[in-house]
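Below is one structure, written out as structure tokens; the observations come after it.
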Amino acid sequence: MKNFLYITDQDEYTDHSFIGAFFEKYLGKYLNVNILYFSQFKTDFERKDNQRFILPFKLRKNLIEELEKNQVDVNAYDFIVVRNDIELLKYILKTKIRYNYKVGFRLSFPKRIAKLQENEANNSSTFFDIIGDKIQSYKETTLINECDIFLPSSNKMKDEFFPSINIKTYPIPTGIDPEVLHKNIQHVEDFKRFIYAGTLDNLRKFETILEAFSEINNNLFRIMISTKDPEYAKKMLDKYPNLKNCIEIYNAKNKNELLELIAKADIGLSILPNIAIFNTSTSIKIIDYYSSAVPCIMTNNAKNNTLFKDNEEAWFCDFDKDSIKSKIEELLTLSKDEIANVGVNGQKKLLEIRNYEKIAQDFATELNLL
């Protein structure tokens, strides 16, 4: 088998559910895979196991030299893929001339562009930020075009944010791990449990969803919110005192905790503003919901409605208060069995077309053709 090194942009202690499932478990069946994480705390290189390396963050600018110093044969790698980090990509391309590896760049989510749009939502961006973004986009495009393969989360992501990339492009979308499915737990209460898992900020405009719930004239629902910033969530909820007894705030510490929490819900919430940053790839929260066969209300955009069938595998909704309120009221009239069936159908669809095991097999075949 050929040898593959995946250089992440992540700390060793962050959640690696996608990386672990896709690259370690499934791609590792077809390639000899090593994965490099970084540490803000360690001072020395560490082999975590046969697949994973940990490198002190301060040594990242001499990454190749540090690997060789620790008896990692860089020349044995057929492929080195860099995740999201343009500066690391620049370094890997620069050192490529000394070795035999081919280079790929993985864009899981355009974080820099998302940050710019968040600043715009907060009215804190400037004219110079916009000009700087255009310059940076040009530099990034030039570097990515020096690679052998570009790996965005979707072709739409490439078309929207990097239309001038002209190298081979192979999308790796978010998907479902067939070995990590949680049984949906049907609670006995009459109300419907909704869950929102993820970031709360001005860009996502979660207040629009809360406004919709606050105008529903019954108490036949509960909202579970899992976020890394519970204090921000509490401040947001102060604006909606009539929802006080209907909302529970959680801070799931890891993916297992999150999936166990989701399994207790009836319906997932993934209604996001209809903007390119959210419309170019499937939200990871959607995947998390369906891992527990929890059906989801999601934004009615081309990405979602080509993946799921409305009212059969998911529910679509426009991102405005009245549309959201109307959809929630409709769902409150459904039986729990009707809701559960939509979740089962959606999970089945993802297992058919967004299955990490199959995606990894196809990706390995594609790499071997380079």
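Name the single residue that is nearest to N355 (Cα to Cα) among those in the stretch 1-51 being more than 21 Å from the chain's Cα centre (by Cα) and of a type in the set (D, E, K, R).
K29
So the check is Cβ under 7 Å with 6+ separation or different chains; which pairs have a first residue in the stretch 135-149 that's without any contact (Cβ under 8 Å) to a residue 40 or more places away in the chain and a second one that's surrounded by fewer than 17 Cβ atoms within 10 Å (Cβ to Cβ) and hydrophobic (A, V, I, L, M, F, W, C)?
So the pair list comes out as N145/I167.
Looking only at residues that are touching a helix residue (DSSP H, G or I) at 6+ places or on another chain (Cβ under 6 Å) and surrounded by fewer than 20 Cβ atoms within 10 Å (Cβ to Cβ) in the stretch 139-160, which one is modelled with the lowest pLDDT?
Start the filter on the stretch 139-160 by keeping residues that are touching a helix residue (DSSP H, G or I) at 6+ places or on another chain (Cβ under 6 Å), which leaves 140, 143, 146, 150, 152, 160.
Going one step further and asking which of them are surrounded by fewer than 20 Cβ atoms within 10 Å (Cβ to Cβ), we end up with 143, 146, 160.
On the way: L143: 97, E146: 97, E160: 90.
Out of the qualifying residues, it is E160.
Looking at (1) of a type outside the set (A, V, I, L, M); (2) crowded, with 16+ Cβ neighbours inside 10 Å; (3) not assigned by the TED database to the domain that holds L269, which is the one condition that is false for T365?
Single failed check for T365: (2).
Here are the criteria: (1) modelled with pLDDT of 90 or more; (2) farther than 18 Å from M298 by Cα. Tell me which single one K205 does not satisfy.
Of everything listed in (1) modelled with pLDDT of 90 or more; (2) farther than 18 Å from M298 by Cα, K205 misses just condition (2).
Would you mind stating whether F316 is among the hydrophobic types (A, V, I, L, M, F, W, C) and either touching a Leu at 6+ places or on another chain (Cβ under 7 Å) or free of Cβ contacts under 8 Å to residues at least 24 places away in the same chain (or both)? Outline the logic, then answer.
On the way: among the hydrophobic types (A, V, I, L, M, F, W, C): yes; either touching a Leu at 6+ places or on another chain (Cβ under 7 Å) or free of Cβ contacts under 8 Å to residues at least 24 places away in the same chain (or both): yes.
Judged against the criteria, F316 is a match.
Considering every residue within the stretch 17-30, establish whether at least one is under 27 Å from E140 (Cβ atoms) and either part of a strand (DSSP E or B) or open to solvent by 60 Å² or more (accessible area, probe 1.4 Å) (or both).
Looking through the stretch 17-30, none of the residues is under 27 Å from E140 (Cβ atoms) and either part of a strand (DSSP E or B) or open to solvent by 60 Å² or more (accessible area, probe 1.4 Å) (or both).
Filter the stretch 289-344 down to the residues that are in a helix (DSSP H, G or I) and hydroxyl-bearing (S, T, Y), then identify the one that is surrounded by the most Cβ atoms within 10 Å (Cβ to Cβ). Walk me through it before giving the result.
Keep residues of the stretch 289-344 that are in a helix (DSSP H, G or I), which gives 289-291, 302-305, 321-332, 336-344.
With the extra rule that they be hydroxyl-bearing (S, T, Y), the set shrinks to 289-291, 323, 326.
Values: Y289: 30, Y290: 28, S291: 22, S323: 16, S326: 14.
Only one residue tops the list, namely Y289.
Can you tell which of A340, A314, A302 is touching a Cys at 6+ places or on another chain (Cβ under 8 Å), assigned by the TED database to the domain that holds N217 and not β-branched (V, I, T)?
Unique residue meeting the criteria: A314.
Residues are listed down the side, and each one gets a yes or a no for (1) more than 22 Å from T333 (Cα to Cα); (2) open to solvent by less than 70 Å² (accessible area, probe 1.4 Å):
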site: I185; (1), (2): no, no
site: E207; (1), (2): yes, yes
site: N217; (1), (2): no, no
site: L237; (1), (2): yes, yes
site: N251; (1), (2): yes, yes
site: K264; (1), (2): no, no
site: I267; (1), (2): no, yes
site: I271; (1), (2): no, yes
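Would you be able to say whether some residue in the stretch 62-70 is part of a strand (DSSP E or B), open to solvent by 80 Å² or more (accessible area, probe 1.4 Å) and within 21 Å of Q10 (Cα to Cα)?
no
For a quick check of your reading: which helices (runs of 4 or more DSSP H) sit entirely within the stretch 210-280 and have at least 1 residues that are among the small types (G, A, S) and within 30 Å of E160 (Cα to Cα)? Talk me through it step by step, then tell me what you get.
Values: elements: 230-237, 255-262, 276-279.
Per the criteria, 276-279.
Only one residue in A276, A263 is in the same structural domain as D337 (by the TED database), touching a residue at least 12 places away in the same chain (Cβ under 8 Å) and closer than 21 Å to E179 by Cα. Which one? Show your work before the answer.
Details: A276 fails: closer than 21 Å to E179 by Cα.
Criteria check complete, one pass: A263.
Testing T43 on (1) among the β-branched types (V, I, T); (2) open to solvent by 40 Å² or more (accessible area, probe 1.4 Å); (3) touching a Ser or Thr at 6+ places or on another chain (Cβ under 9 Å), one condition comes back false. Which one is that?
(3)
The values are calculated or read from the model by the stated rules, or taken from the named source; none is laboratory data. Everything quoted here is computed from the prediction, not taken from an experiment. Positions of Cβ are generated from backbone atoms using ideal geometry, with glycine treated the same way; all protein chains shown enter the neighbour counts. Calculation scope for accessible area: heavy atoms of the full protein, side chains included, ligands and nucleic acids excluded. Shrake-Rupley method; radii C 1.70, N 1.55, O 1.52, S 1.80 Å.
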